[in-house]
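Each reported figure results from applying straightforward, stated rules to the coordinates on display, with no laboratory input. Quick caveat, the model's predicted, so the values are computed rather than measured. For neighbour counting, all protein chains shown are included, and Cβ atoms are generated from backbone atoms with ideal geometry for every residue, glycine included.
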Amino acid sequence: MRTIGVAVAIPEPWATQLQDYRTALGDATATMIPTHITLVPPTDISRDVLPDVEDHLGDAAATMAPFTVHLRGTGTFRPVSPVVFVAVVEGISSCEQLAGAVRRGPLDVDLAFPYHPHVTIAHDLPEEALDRAFRELADFECTFTVDEFHLYVHDDADGWRPTRDFSLRSPVNR
């Protein structure tokens, strides 16, 4: 078995900025998790299914055109989940469409919570740290083009590492 995930990577310089913030906040796992917008959460699959998953992801990428994501401000899932995040304020529907396209076929997984595109900046930390992240990154803002997404594989020693990129290839989003 392998644990995989599918996500949109946040580009530099913001990826490092947000990951460094998460580390400074006391999140011991931050260096093991690239800064991202989740499309498929951690999912266990059999190694022999991986080629089918990769084919499926390539097909899904062909259905989507590149799109703009604008991140601004913070939000939280508390009290349901101890998470503070940077909010997606533009590109929400495109993220939802892309997540829907990849969560079919071999990646038709049940979600623990409704899909809500976001960038986690604090998770499973004391309330004071969650409050601090919510306040301190309230003015965070960046805009970038999403023209690809990534298949990540989890390794106990190295954390989440991208293993394959999938370029968005459709001339128009459906």
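Residues checked against (1) charged (D, E, K, R); (2) under 17 Å from TYR21 (Cβ atoms):
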residue: SER93; (1), (2): no, no
residue: ALA133; (1), (2): no, yes
residue: PHE144; (1), (2): no, no
residue: ASP147; (1), (2): yes, no
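For the stretch 142-161, the candidate set comprises residues that are of a type in the set (Asp, Glu) and part of a strand (DSSP E or B); within that set, the residue that is farthest from the chain's Cα centre (by Cα) is ASP155. Of all residues in the stretch 28-41, those that are of a type in the set (S, T, N, Q) have Cβ atoms under 6 Å from Cβ atoms of residues that are part of a loop (DSSP other than H, G, I, E, B) and surrounded by 17 or more Cβ atoms within 10 Å (Cβ to Cβ), 6 or more apart or on another chain, in THR35/ILE10. Criterion applied to THR43, THR74 was being among the hydroxyl-bearing types (Ser, Thr, Tyr), over 14 Å from HIS123 (Cβ atoms), surrounded by 15 or more Cβ atoms within 10 Å (Cβ to Cβ) and within 18 Å of the chain's Cα centre (by Cα), and the one residue passing it is THR43. Kindly evaluate VAL89 against the criterion of being under 26 Å from ASP147 (Cβ atoms) and either surrounded by fewer than 21 Cβ atoms within 10 Å (Cβ to Cβ) or among the hydrophobic types (A, V, I, L, M, F, W, C) (or both). Spelling it out, VAL89 is indeed under 26 Å from ASP147 (Cβ atoms) and either surrounded by fewer than 21 Cβ atoms within 10 Å (Cβ to Cβ) or among the hydrophobic types (A, V, I, L, M, F, W, C) (or both). Of the residues contained in the stretch 1-24, none is found to be polar (S, T, N, Q), in contact with a Leu (Cβ under 9 Å, 6 or more places away or on another chain) and crowded, with 18+ Cβ neighbours inside 10 Å. Out of the stretch 60-94, which residues are touching a residue at least 24 places away in the same chain (Cβ under 8 Å) and in a helix (DSSP H, G or I)? Within the stretch 60-94, ALA60, ALA61, ILE92, SER94 meet the criteria.
How about the stretch 116-135: which of its residues are surrounded by 14 or more Cβ atoms within 10 Å (Cβ to Cβ) and farther than 20 Å from PRO66 by Cα? Passing the criteria: THR120, ILE121, ALA122, HIS123, LEU125, ALA129, LEU130, ASP131, ARG132, ALA133, PHE134.
Within the option set LEU125, LEU137, being of a type outside the set (S, T, N, Q) and touching a Ser or Thr at 6+ places or on another chain (Cβ under 9 Å) holds for one residue only, LEU137. Candidates PHE166, PHE113: the one that is within 16 Å of the chain's Cα centre (by Cα) and surrounded by fewer than 16 Cβ atoms within 10 Å (Cβ to Cβ) is PHE113.
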